[in-house]
Amino acid sequence: MPTTLPERPLLEVRGLTKSFAGLRALDGVDFTLRAGEIHALLGENGAGKSTLIKVVTGVLSRDAGTVALDGRAIAPRTAGQAAEAGIATVYQEVNLLPNLSVAQNLFLGREPTRFGIVRGGAMRRRAREILKDFGLAIDVAAPLGEYSVAVQHIIAIARAVDLSARVLILDEPTASLDAHEVEVLFAVMRRLASRGIGIVFVTHFLDQVYTICDRITVLRNGRLVGERETASLPRLDLVTMMLGRELSEATHERSHAALDGGSAAYASFTGFGKAAYVAPFDLALHRGEVVGLAGLLGSGRTETARLLFGAERADHGSASVNGRPVRLGSPRDAIRLGFGYCPEERKTDGIVAELTVRENIVLALQARRGFLRPLSRRRQDEIAGRFIRLLDIRPADPERPIGLLSGGNQQKALLARWLATEPELLILDEPTRGIDVGAHAEIIRLIRQLCADGLALLVVSSELDEIVAYADRVVVLRDRAHVATLEGEAVSETAILSAIAATDAVAGRHAA
Amino acid sequence: MALRLPRAGTPQILAFLAILAVNWVVSPQFFDTRFQDGRLFGSLVDVFNRGAPVALLSIGMALVIATRGIDLSVGAVMAICGAVAASLADSHPLPVALGAALGAGLLCGLWNGLLVAVLGIQPIVATLILMVAGRGIAQLITEGRIVTFSDPGLAWFGGGSVLGVPAAVAVVFGMLLLTVALVRGTALGLMIEATGGNARASALAGVGTRAMTLAVYIWCGLCASLAGIVAAADIRGADANNAGLWLELDAVLAVVIGGASLFGGRFSLGLAVLGALIIQAMNTGILLSGFPPEFNLIVKAVVVLAVLLVQSPALVGILPSRQWGRSWRRR
Amino acid sequence: MRLKTLLTATALAAGVAVSAQAADLTVGFSQIGSESGWRAAETTVSKAEAKKRNVTLKIADAQQKQENQIKAIRSFIAQGVDAIFLAPVVATGWDSVLKEAKEAKIPVVLLDRDIDPSGKDLYLTAVTSDSVHEGKVAGDWLAKQVGGKPCNVVELQGTVGASVATNRKKGFDTAIASHPNIKLVRSQTGDFTRSKGKEVMESFIKAEGGGSSICAVYAHNDDMMIGAIQAMKEAGLKPGKDVLTVSIDAVPDIFKAMAAGEANATVELTPNMAGPALDAIIDYKANNKTPPKWIQTDSKLFTAADEPMKVYESKKDLGY
């Protein structure tokens, strides 16, 4: 789309590095944005997209690396300084004031004044002119909150551009828009690009990437995977870039438990789903079997896990355990049935940071027993001690607040929480996310062992090589629907990738 | 390991002892205690006796704050329950008057709990409703006047004694023991702390976070009603305009002095009560000192600031290093 | 029957030496609200006093809000009442609405509290008690009571910063200034409440060697004194005998204590502010006689000699 490519890039990031508590969130990342292009920044959760944006816009400080705008090194310390330099960001949650008028929002903090008095008329006139440029003819005196999210986004963009932004970063702007609104937004983006503004577009909708972006940069685990022209990057290659592992790294050896084909399912779900959440699906889980859920971010993996655990109530279909129909109205129901769930967001959904490791481990078991049957302190010590040894949780101090442990050890403690309930079905959502390499291998070893012990396991993961290594069956999701099931020998990274990348469901279905 | 540092709570105990020591300096007869009509009598006894209403409130407030909530209505609930008890005391048998007052407290707690746990209204807003309306309800019950009573049964809560200990102090002690038994003898304490520490995670672990929230507000209402009964019994009358006025703030302060965080999680009932006693020791000290009353609030503010500073993790960080994370409090 | 009542009432009104015209008066009364028992009593007494004089009294309860009072005054003006009584909740911010009343030629009488208008001509008169005087009456009684004997007094002050508290202290201090035998040994605020009064008295007793050296207690209101009496009883002291008590307000409960011999004296803050105000208005309307700018109410002293139980009975239903 850009007709002339300037010699010098508009925004140039080199070797950017940022660590949080010893964990590298960004590791020597390069990123180049040209004037007049729309550039997709892609990656799974934890790939480092938002860290990159935050470092570039001064919200976070950097450990190493350079950022140059028009060849001049910049080091903004706040988002405001970045905006002054010409880099504006519009987040998914629009950062404007819904109770002020559209015009007031556009000119917030820089209202046209005469003798110190705001000139409302002039302000509204200017606002109308600006918005006309964006194809919006709306009442600028009405409160911003009266307009749709799409219009609010465009107004936020208009404000940013009018603040003489040269680089515009749009962080998941389309997440809450419908198809038509997306079109309107894209038209605005194209118009701005044609005026020479460089746009960074963060999204997890691959269709949109192929619709509007000129180039793509992919991050994974805080590292740069590569930068490609959209036109010359097949969808399968893109998904591979996002999910695959570097070839140099040893891939996990695949080992499959022989399926005892005849055994009845432990838990089965028929037509299970929830409107606007996950399309109805059928799923059967057997003891001693690992089922993997694969798909891109936002494809419905976590949503499926939450439905099965009752954290979100299904409005379609039925569930049965050991052949008997069951109700899954809440996590408590699921726990009573012998389910366990390690959520993806450890900090917000998993640990209770200021409670001790011991208390975190016994929490689910205690909740299932009810408050009237407290576990004696000795029982608690014994349970905590057993799992600390078994899972090698470090430091081996059951009385340390869990918030002070590393991510990998927190994950192990959460695993211990569920193992203590002696579950029959364990749902693990991204069990290896954000933990160091050593712990990574241990978790995978654990998954294998649990499976051998006769548990039914459902594992959500974006690490394809891992899934391939331990899953007996892989369910592939796309656009909040289960689109393919791979079984036995058919489970391979390539097969999963092509199922994810397939543009229509039929093409991706690999029957076992 | 050999050199284990003293358990958390040391700053509160030291602060309490320090304030008592200062009281002794400004008023040398501070520790003089004797029996008077079969009841302990002395300034130190006053600290416990006068501190009783706030101590009772702080027991319930500690639980509410542990769930990341706050109950601003306790002062008004005191007024309501005091009014109910006082207006029924002379016309009905004591159990009826007490039962009605405690029932009123439970209802108030239930109301707050429903607003917070079921309707999901922010605790500060939800309890503000009853804080404002409650005093009006109490005034309706008393018809705007101070309702006095002469029933010796109800008056016992203000002037009676158990083995020489003033009845109000005995009530606090009993309520503290009962509540500790309830939350630490069962798994309620763990679940309340889990709910306050991370409600989402706790719900996913199967904790009935909604039931926990409801329960703590109900218990807080019960504590407030006991405080209301004690306060009414103390003056042998229910003063709807002034009973419990601003005491909700003292109760919150007591819990905070007791080392709890307003962001929920860990709580200590004993330290909350100690916090209430610290506040009262300060009040009594000021009264004994003979300072002009204009200085009361300033002295109070300075002492509270000092106690909170001693607990501040940031300040402790500046001082020579101690065990990791003072902020991670133990019960 | 009704005519007869009316005639009787008129005759009664005439009997208190007021012209018969007064019967037609309508007065709007903007009352603060039910902030205290005294306030409720004032409302009750005002109704009774108006009825006694055959005046129609319209009472608007402002619920402690100035804007409600201003609204009430405007509505009184619109109704064309003959006079407006105002018990102002605050001292300032009345200028414009009082000007409106003045333009409508409706006289305004302030009850119980004074205001700070830009010009004193905005209201006809103010009927208030003199709280400095109240304190002085209390002090004079005590001085007379102890004679030349040395006497250590403890004082329970009202809320710090409240003008009533400041004034009652000032009046008392003036009265005892000329009696070097009377010494104010301790003074603390009891916030005008029973429970704080009791708490402060408890600490006074401890600080003054078990109360043996306290000769008298002076409280800025009766409620604090009632609390203090309880504290003294619990400490084994005999209030009213070992320790003299004098307080202000004359609420019913203090008379009960007085009847029981546990309280000695109280200075009345009369709830009857409307009576003198009505008399002034009637006189102004009928005879065009402008009253003085300030009508001071009586600060009557009550002691055990005044048949306290009888006073209690007469006061207990006023709404205190």
Do any of C:Lys136/C:Lys310; C:Lys183/C:Lys206; C:Lys285/C:Lys315; C:Lys58/C:Lys300 go past 23 Å between their Cα atoms, and which? C:Lys136/C:Lys310; C:Lys285/C:Lys315; C:Lys58/C:Lys300
Over all directions, how big on average is the projection of the convex hull of the alpha-carbon atoms in the stretch B:36-308, in square nanometres? 14.4
Enter the buried accessible area of the B/C pair, total of both sides, probe 1.4 Å, in Å² rounded to the nearest 100. 2600
Accessible area per residue, Å², the stretch B:36-308 with all protein chains present, probe 1.4 Å: 33
Would you tell me the mean number of C-beta atoms belonging to other protein chains that fall within 10 Å of each C-beta in A:353-365, as a whole number? 5
Sorting check: for A:80-92, C:143-155, which peptide has the highest mean count of neighbouring beta carbons within 10 Å, and how do the rest follow? A:80-92, C:143-155
Nearest 20 debye, what's the magnitude of the dipole of the stretch B:36-308 about its Cα centre given +1 on Lys and Arg Cβ and -1 on Asp and Glu Cβ? 620
Counting all Cα-Cα pairs in the stretch A:272-315, those more than 14 Å apart amount in percent to 49
Working note, the stretch B:11-86: Cα radius of gyration (Å, one decimal) and Dmax (Å, whole number) are 16.5, 45
Accessible area per residue of the stretch A:157-250 at 1.4 Å probe, in Å²? 40
Three principal axis lengths of the stretch C:62-185 [C-alpha, angstrom, descending]: 62, 23, 21
Share (percent) of C-alpha pair distances in the stretch C:119-187 greater than 21 Å works out to 34
Can you work out the FRET efficiency for the pair A:Asp381 and B:Thr186, with r the C-beta to C-beta distance and R0 = 22 Å, to the nearest 0.05? 0.75
Report the Cα centroid-to-centroid distance between the stretch C:113-191 and the stretch C:233-270 in angstrom, as an integer. 18
Take each of the peptides B:11-21, C:208-218, average the number of other beta-carbon atoms within 10 Å over its residues, and list them starting from the highest. C:208-218, B:11-21
Write down the percent of antiparallel bridges among all DSSP beta bridges whose residues are both part of chain C, to the nearest 5. 5
Would you count, across chain A, every pair of lysines whose alpha carbons are under 25 angstrom apart, provided the pair is eight or more residues apart or spans two chains? 6
Under-5 Å amide H pairs with B:Gly265, H placed in peptide plane, nonlocal only: B:Thr67, B:Arg68, B:Gly196, B:Gly197
Compute and list, largest first, the equivalent-ellipsoid semi-axes of the stretch B:66-225 from the alpha carbon gyration tensor, each √(5λ) rounded to a whole angstrom. 31, 20, 11
With each label point set 7 Å from Cα along the Cα-Cβ vector, what nm distance links A:His180 and C:Glu100? 5.2
Rank by packing, highest mean first: peptides A:368-381, A:42-55, with packing defined as the count of other Cβ atoms within 10 Å averaged across residues. A:42-55, A:368-381
Inter-probe distance in nm under a simple model that places probes 7 Å from Cα toward Cβ, at A:Arg125 and B:Val96: 8.0
Please say if chain C is rounded, prolate or oblate, where rounded means a/c under 1.5 for a ≥ b ≥ c the square roots of the C-alpha gyration tensor eigenvalues, and otherwise the choice is prolate for a/b larger than b/c and oblate otherwise? prolate
Once you charge only the Cβ atoms, +1 for Lys and Arg and -1 for Asp and Glu, what is the size of the charge dipole of the protein assembly as shown about its Cα centre, to the nearest 20 debye? 1280
Buried accessible area, chains B and A (both chains, 1.4 Å probe, Å² to nearest 100): 2400
Once phi is turned into ³J(HN,Hα) by the Karplus curve 6.51 cos²θ - 1.76 cosθ + 1.60 with θ = phi - 60°, what whole-Hz value does each residue of the stretch A:106-112 show in order, with x for glycine and proline? 4, 10, 3, x, 8, 5, x
Pairs C:Lys233/C:Lys316; C:Lys47/C:Lys233; C:Lys120/C:Lys196: which are spaced more than 30 Å apart, C-alpha to C-alpha? C:Lys47/C:Lys233; C:Lys120/C:Lys196
Under a straight-distance cross-link criterion of Cα-Cα below 18 Å, which aspartates and glutamates are reachable from C:Lys170, leaving out those fewer than 8 residues away in the same chain? B:Glu294, C:Asp130, C:Glu134, C:Asp140, C:Glu155, C:Asp191, C:Asp222, C:Asp249, C:Glu268
Calculate the mean, over all residues of peptide B:140-150, of how many other protein chain Cβ atoms lie within 10 angstrom of the residue's Cβ. 4
For the protein assembly as shown, which whole-number percentage of the solvent-accessible area (1.4 Å probe, protein heavy atoms only) is attributable to carbon and sulfur atoms? 58
So, relative contact order of chain B in percent, Cα under 8 Å, 6 or more apart, is 33
Sort out for me the Cα centre separation of the stretch B:162-217 from the stretch B:58-72, rounded to whole Å. 10
Within the stretch B:260-289, which residues have the backbone N less than 18 Å from the label spot 7 Å out from B:Ile124 along Cα→beta-carbon, could you tell me? B:260-265
Note on the stretch C:258-300: contact order normalised by length, alpha-carbon pairs under 8 Å, 6 or more apart, percent, works out to 50
For the protein assembly as shown, share of DSSP beta bridges that run antiparallel, in % to the nearest 5: 40
Averaged over the residues of C:159-166, the number of partner chain Cβ atoms within 10 Å of each residue's own Cβ comes to 1
Over 10 Å intervals from 0, what percent of Cα-Cα pairs in the stretch B:217-264 sits in each interval? 23, 47, 24, 5
For C:Lys238, the aspartates and glutamates lying under 12 Å Cα to Cα, once residues fewer than eight places off in the same chain are dropped, come out as C:Glu262
Please compute the volume of the convex hull spanned by the alpha-carbon atoms of chain A and report it per residue in Å³. 176
Could you give P(r) for the protein assembly as shown, binned at 20 Å from zero, as whole percent values over all Cα-Cα pairs? 10, 28, 29, 22, 10, 1
How high is the relative contact order of chain A, in percent, with contacts defined as C-alpha pairs under 8 Å that are six or more residues apart? 14
Karplus couplings for the stretch C:266-282 from phi (6.51 cos²θ - 1.76 cosθ + 1.60, θ = phi - 60°), rounded to Hz, Gly and Pro as x? 9, 9, 7, 9, 5, x, 8, 8, 5, x, x, 5, 5, 4, 5, 5, 4
Could you name the aspartates and glutamates in cross-link range of C:Lys105, using Cα to Cα under 18 Å and dropping any fewer than eight places away on the same chain? C:Asp24, C:Asp82, C:Asp95, C:Asp121, C:Asp283
Taking every eigenvalue of the Cα gyration tensor of the stretch A:187-239, multiplying by 5 and rooting it, what semi-axes result, largest first, whole Å? 21, 13, 10
With the full set of protein chains present, the residues of the stretch C:219-241 whose 1.4 Å probe accessible area falls by 40 Å² or more relative to the chain alone are C:Gln230, C:Glu234, C:Ala235
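The values are calculated or read from the model by the stated rules, or taken from the named source; none is laboratory data. As the structure is a computational prediction, the values presented were derived from the model and not from experiment. Positions of Cβ are backbone-derived with ideal geometry, glycine not excepted, and every protein chain shown enters the neighbour counts. Please note that ligands, DNA and RNA were not included when accessible areas were found on the heavy atoms of the full protein model with its side chains. Shrake-Rupley method; radii C 1.70, N 1.55, O 1.52, S 1.80 Å.
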